[in-house]
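Participant: Got a structure here, written out as C-alpha cells. Questions coming.
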Amino acid sequence: MASNDWFDKDFYAVLGVPKDVSEADLKKTYRKLARQYHPDSNPGDASAEARFKEISEAHAVLSDPKQRQEYDAVRAMAGGRPRFAPGGSGGFEDIFGGFGGGGGGPRVQYSQGDFEDLLGGMFGGQGGFGGGFGARRPAKGRDVTARAALDFTSAVQGDTLKLTVGGKTMTVKVPAGVHDGQKIKLRGKGDPSPSGGEPGDLILTVQVRPHPVFTMDGLNLRVDVPVTFAEAALGATIEVPTLGGSPVRLKVAPGTPSGRVLRVKGRGVAGKQGTGDLLATIQVAVPSHLTKAQVEHLEAFVAAGPNESPRAELLAKAKAS
C-alpha cells in the first residue's frame with residue numbers, strides 16, 4: 001500500500017537498478033547491497049546503517065508486485081516534481097491540473113483529504129493513506145546460516161542443541177532422523193528486521209558423524225552381518241546388533257546367499273512419518289587361511305557335488321544381449 005512520501009523517494013535509484021528491472025535481478029542487487037551495508041558488517045558506522053535502512057525500504061516496496069505498481073503510478077503522477085503541500089497550491093496543483101481540462105483551463109484546488117480519496121478510489125483503497133493506501137510492509141530480517149555436528153545416535157533419536165550464532169546463544173531442537181548435509185529452517189531465529197518486521201530464519205546444516213556399524217536409509221537403519229559358509233549353506237540362528245539396545249536373534253535359512261536382506265520390524269528411526277526397520281544384509285565370510293585338513297575336506301566337497309558353474313547363467317545372458 002502506498003505512502004505519502006513516495007513522491008520524494010526514487011527507490012530504483014536507491015538500489016541502482018532500471019525501472020524495468022526483473023524480480024531476479026532486483027533480488028540479486030538487494031542481497032549484494034544488504035551484505036555490503038549491513039550493521040553487522042559495519043559496526044558503529046551510522047551512515048552505513050542509514051544506507052541499509054534505505055536499501056531495505058526500497059526492496060520492501062519494489063519486491064512486492066502490488067506495492068511496486070502503486071509506487072510506479074504515484075511517481076508517474078508526480079512526474080518527478082516536488083511533493084505537494086497539503087491544503088493546496090503549487091506542486092500539488094501541477095500534478096492534477098490536467099484533470100480539470102488541462103492547458104489554460106481553470107485550475108482546481110484539492111484538499112489533502114480529497115487527494116487521498118481520489119488515490120484510494122484509483123487503487124482500490126479504503127480511503128486515504130491511513131487505509132488501503134497506507135503503510136508499507138516492513139522488511140523481513142536477514143536469514144542466518146550455521147552448522148552443527150551430531151553423533152550418529154543423536155541424529156537418529158533427535159537432540160536439543162545449544163548454539164551460539166552471531167553472538168547470540170539459542171536452544172535448537174533437532175528432529176529424529178536427520179541426515180548428513182540436511183538443512184533445517186528454524187523460523188524467527190535469524191537477524192531482527194531493521195524496520196520492525198518479522199525476524200529472519202536460521203538455516204542450520206547438520207553434519208552427522210558416521211557410525212562404525214550402522215547407516216541410515218530414510219527411516220531404516222542398515223547393518224552388514226557376516227556369516228560363515230557353513231551357516232549360510234546349512235542355516236543358523238545368529239545375533240544381530242541394534243542401535244542402543246540388546247542384540248536380536250535372526251534365523252538364516254539354509255542356502256542363504258550374500259546380499260540377502262533380513263528385516264527386523266520397528267528397530268529403525270522413530271520419526272514423525274513413522275518408525276523404520278533394521279535391515280540386516282548377509283555377507284558370507286570367506287576364510288583367508290585354511291588348514292591342510294580343511295582344504296582336503298573342501299576338495300572332497302567339490303568332488304562330491306554336481307559339476308556346474310554358478311556363472312553359467314550370467315555368461316549366457318551377457319552373450320545373448
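Participant: Working only within segment 139-158, note down all residues that are over 20 Å from N220 (Cβ atoms) and buried (at least 16 other Cβ atoms within 10 Å of the Cβ). Explain how you work it out, then say what you get.
Facilitator: Going through segment 139-158, the residues over 20 Å from N220 (Cβ atoms) turn out to be 139-149.
The answer is A139, K140, G141, R142, V144, A146, A148.
Participant: Turning to a different aspect of this structure: Can you name the residue in segment 278-314 that is more than 21 Å from V227 (Cα to Cα) and in a loop (DSSP other than H, G, I, E, B) and is also nearest to the chain's Cα centre (by Cα) among such residues?
Facilitator: It comes out as R311.
Participant: Return the only residue of G177, G218 being of a type outside the set (A, V, I, L, M), within 25 Å of the chain's Cα centre (by Cα) and crowded, with 17+ Cβ neighbours inside 10 Å.
Facilitator: Working: G218 fails: crowded, with 17+ Cβ neighbours inside 10 Å.
Answer to the selection: G177.
Participant: Let me ask something else about it. Quick check on this structure: which one of R260, R222 is charged (D, E, K, R) and either touching an Asp or Glu at 6+ places or on another chain (Cβ under 7 Å) or under 20 Å from V178 (Cα atoms) (or both)? Let's see the steps before the verdict.
Facilitator: On the way: R260 fails: either touching an Asp or Glu at 6+ places or on another chain (Cβ under 7 Å) or under 20 Å from V178 (Cα atoms) (or both).
Criteria check complete, one pass: R222.
Participant: Continuing with the same structure: Tell me, which residue of segment 260-295 that is of a type in the set (G, A, S) and surrounded by 10 or more Cβ atoms within 10 Å (Cβ to Cβ) is modelled with the lowest pLDDT? Spell out how you get there, then give the answer.
Facilitator: To start, the set of residues in segment 260-295 that are of a type in the set (G, A, S) comprises 266, 268, 270-271, 274, 276, 280, 285, 288, 293.
Filter again for surrounded by 10 or more Cβ atoms within 10 Å (Cβ to Cβ), leaving 266, 268, 270-271, 274, 276, 280, 285.
Numbers: G266: 94, G268: 94, A270: 91, G271: 85, G274: 90, G276: 95, A280: 97, A285: 94.
Ranking the qualifying residues of segment 260-295, first place goes to G271.
Participant: Could you list all residues from segment 236-276 that are under 16 Å from L219 (Cβ atoms), assigned to a loop (DSSP other than H, G, I, E, B) and basic (K, R)?
Facilitator: Result: K265, R267, K272.
Participant: Identify all residues within segment 191-235 that are β-branched (V, I, T) and assigned to a loop (DSSP other than H, G, I, E, B); write none if there are none.
Facilitator: Residues of segment 191-235 β-branched (V, I, T): 203, 205-206, 208, 213, 215, 223, 225, 227-228.
Of everything in segment 191-235, just one residue is β-branched (V, I, T) and assigned to a loop (DSSP other than H, G, I, E, B), namely V213.
Participant: Here's something else I'd like to know. Determine the pairs where a residue that is more than 19 Å from L243 (Cα to Cα), located within segment 155-181, has a partner that is modelled with pLDDT of 90 or more and part of a loop (DSSP other than H, G, I, E, B) with Cβ atoms under 8 Å apart, the partner being 6 or more residues away or on another chain.
Facilitator: K173/G158
Participant: Just to verify a result, which residue in segment 22-40, among those that are at pLDDT below 90 and assigned to a loop (DSSP other than H, G, I, E, B), is nearest to S63 (Cα to Cα)?
Facilitator: That would be H38.
Participant: Just to be sure, is V172 outside the structural domain of P287 (by TED's automatic domain parsing) and assigned to a loop (DSSP other than H, G, I, E, B)?
Facilitator: Working: outside the structural domain of P287 (by TED's automatic domain parsing): yes; assigned to a loop (DSSP other than H, G, I, E, B): no.
In short, no.
The values are calculated or read from the model by the stated rules, or taken from the named source; none is laboratory data. Predicted model only: the values in this text are computed from it and were never measured. Please note: Cβ atoms are built from the backbone with ideal geometry, for glycine as well, and neighbour counts cover all protein chains shown.
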